[in-house]
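The values are calculated or read from the model by the stated rules, or taken from the named source; none is laboratory data. Remember, predicted model here, so these are calculated numbers, not experimental data. Cβ placement follows ideal geometry from the backbone for every residue including glycine, while neighbour counts extend to all protein chains displayed.
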Amino acid sequence: MALTRQKIIDTALEILRSYGLADLSMRRLARDLGVQPGALYWHVKNKQELLVALAGRILEPVKVGHAGGDPDGAVRRSAQDLRGALLAVRDGSDVVSLAQALAPESFTPVHGMTALLAESGLSELHARWGAKSLTHYILGAVAEEQARAELARSGLLEPGPDSDADGEAFLFGVNTLLEGLQMHRSR
C-alpha cells in the first residue's frame with residue numbers, strides 16, 4: 001500500500017491511543033509504517049503539522065450547533081461532546097492543546113461556541129473570550145482526568161472516590177462559567 005497522508009495520520013492515531021503522546025515520534029511512526037523517516041515529510045511538513053491533523057481527527061465527532069433557542073444548552077452539549085472526544089484518545093487533551101497553540105484558527109469548536117455565546121446576547125468580544133475560557137476549562141479538566149488515569153494505569157495512584165463523579169463535576173464547571181458570562185450579556 002502506498003504511503004499517504006491519511007495512512008500517516010491513522011497510524012499516528014493508533015500509536016497515540018495505544019502508547020500516548022510521549023511515544024509518538026516521527027521515527028516511531030516511520031518504523032510502524034515500514035518506511036524511512038524522510039518519507040513522512042512528503043506528506044506532513046513536521047511533527048507540529050501532524051499534531052494539528054491529529055487534533056482535527058480527535059475533534060471530528062464534535063459538532064457545535066444550535067439547540068432551538070437555547071444557546072447555553074447547546075454550549076453545554078458541545079462541552080460534553082468535546083470532553084468525550086478528548087477522553088476517547090489517550091493524551092487527547094494534550095494533543096489538542098498543542099494544536100490550538102500551533103494553529104488556533106483550526107480549532108473549530110471554539111468558533112462554534114463563540115457564535116453560540118454571541119447568540120445568547122454577549123458582545124462579539126465577550127463571546128470570543130467566553131469561548132476561550134470554556135475551552136481552557138475543558139482542556140484543563142480533561143488533562144487532569146487523563147493524567148489521573150495514566151497514573152492509575154501505572155500503579156502510582158489509586159482511583160479516587162470522585163472519579164465516578166468526574167462528568168458531574170465537569171458539567172458543574174461549565175455551568176458555573178456560563179452563569180458568570182450571564183452578567184456580560186446585553187440587556
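Annotations for the structure displayed:
- Pairs linking a residue in the stretch 136-153 that is assigned by TED's automatic domain parsing to the domain that holds residue 89 and of a type in the set (S, T, N, Q) to a residue that is modelled with pLDDT of 95 or more and in a helix (DSSP H, G or I), with Cβ atoms under 8 Å and 6 or more positions apart or on different chains, are 146/86; 146/87; 146/92; 146/93; 146/94.
- Test for residue 77: is it among the basic types (Lys, Arg), within 25 Å of residue 53 (Cα to Cα) and within 11 Å of the chain's Cα centre (by Cα): no
- Among the conditions (1) touching a residue at least 60 places away in the same chain (Cβ under 8 Å); (2) under 20 Å from the mean Cα position of the chain (by Cα); (3) crowded, with 17+ Cβ neighbours inside 10 Å, the only one that residue 127 does not satisfy is (1).
- When the helices (runs of 4 or more DSSP H) confined to the stretch 1-44 are screened for residues that are closer than 15 Å to residue 95 by Cα and touching a residue at least 60 places away in the same chain (Cβ under 8 Å), those reaching at least 1 such residues are found at 5-19.
- Pick from the stretch 95-154, criterion part of a helix (DSSP H, G or I) and among the aromatic types (Phe, Trp, Tyr), ranking: farthest from residue 62 (Cα to Cα): 129
- The stretch 1-28, subset within 21 Å of residue 150 (Cβ to Cβ) and hydrophobic (A, V, I, L, M, F, W, C), residue surrounded by the most Cβ atoms within 10 Å (Cβ to Cβ): 12
- Residue 119 meets the conditions (1) in contact with a Pro (Cβ under 7 Å, 6 or more places away or on another chain); (2) closer than 25 Å to residue 53 by Cβ in every case but one. The failed one is (2).
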